[in-house]
Amino acid sequence: MEPNSREFYKQCAFQKFCNTVLHNEACDTHRELRRHKAKEVTFSDMTLDEARQLHTFDEYFKREAAETVFEKAGKKITPKLLLEAIRTLPEEKRKAILLYYFEGMNDTEIAELFNTSRSTIQYRRTSSFEKLRSFVGRVDTGDKPTESISYFRQIGADVKSYAI
């Protein structure tokens with residue numbers, strides 16, 4: 001079937017319209033690229049002052065150089081002291097403390113992990129505070145906790161290495 005002249009005229013007009021739109025879009029794109037290229041400056045063409053304005057310094061890690069110190073009841077507690085105190089705990093109590101406070105697990109989840117009762121985990125966790133408190137008190141008063149230092153040397157690993 002041969003299209004009649006009226007339909008043929010419509011097809012030609014639509015095709016012309018589509019070609020015009022595509023041509024105008026191509027011209028706009030080329031014009032925009034030329035405008036961007038005219039404004040573009042390479043790093044080698046910049047002055048030293050201009051180049052210095054393009055960076056920033058991250059202040060986040062500067063705080064790590066200064067050790068955080070918590071002071072409670074006249075006792076200074078540093079992260080290193082806390083780490084050493086946690087290392088003096090028996091393994092099951094240390095794991096309960098680390099999982100509860102650093103991994104965010106509750107007593108029931110920890111009990112399921114170790115196949116013990118929830119009350120056992122709670123006892124391990126709460127009784128650990130007395131040992132931690134006495135360790136911090138001995139260090140603060142200058143007493144040498146000899147058994148804890150030997151235990152510390154025996155373990156010799158970081159807190160985070162106690163993956164359970």
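The values are calculated or read from the model by the stated rules, or taken from the named source; none is laboratory data. This structure is a prediction, so every number in the text was calculated from the model and none was measured. Glycine also receives a Cβ, built like all others from the backbone with ideal geometry; neighbour counts cover every protein chain displayed. These area figures cover heavy atoms from the full protein model, side chains too; ligands, DNA and RNA do not enter into them. Shrake-Rupley method; radii C 1.70, N 1.55, O 1.52, S 1.80 Å.
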Amide H neighbours of Thr116 under 5 Å, at least 5 residues apart or on other chains, H built in the peptide plane: list them. none
Total charge of the residues flanking Ser119 in space, meaning their Cβ is under 12 Å from its Cβ, with Lys and Arg +1 and Asp and Glu -1, is +2
Given a 1.4 Å probe and heavy atoms of the protein chains only, how would you sort Leu82, Leu54, largest accessible area at the top? Leu54, Leu82
What do you reckon, how do Ser127, Ser134, Ser5 stack up by accessible area (1.4 Å probe), largest on top? Ser5, Ser134, Ser127
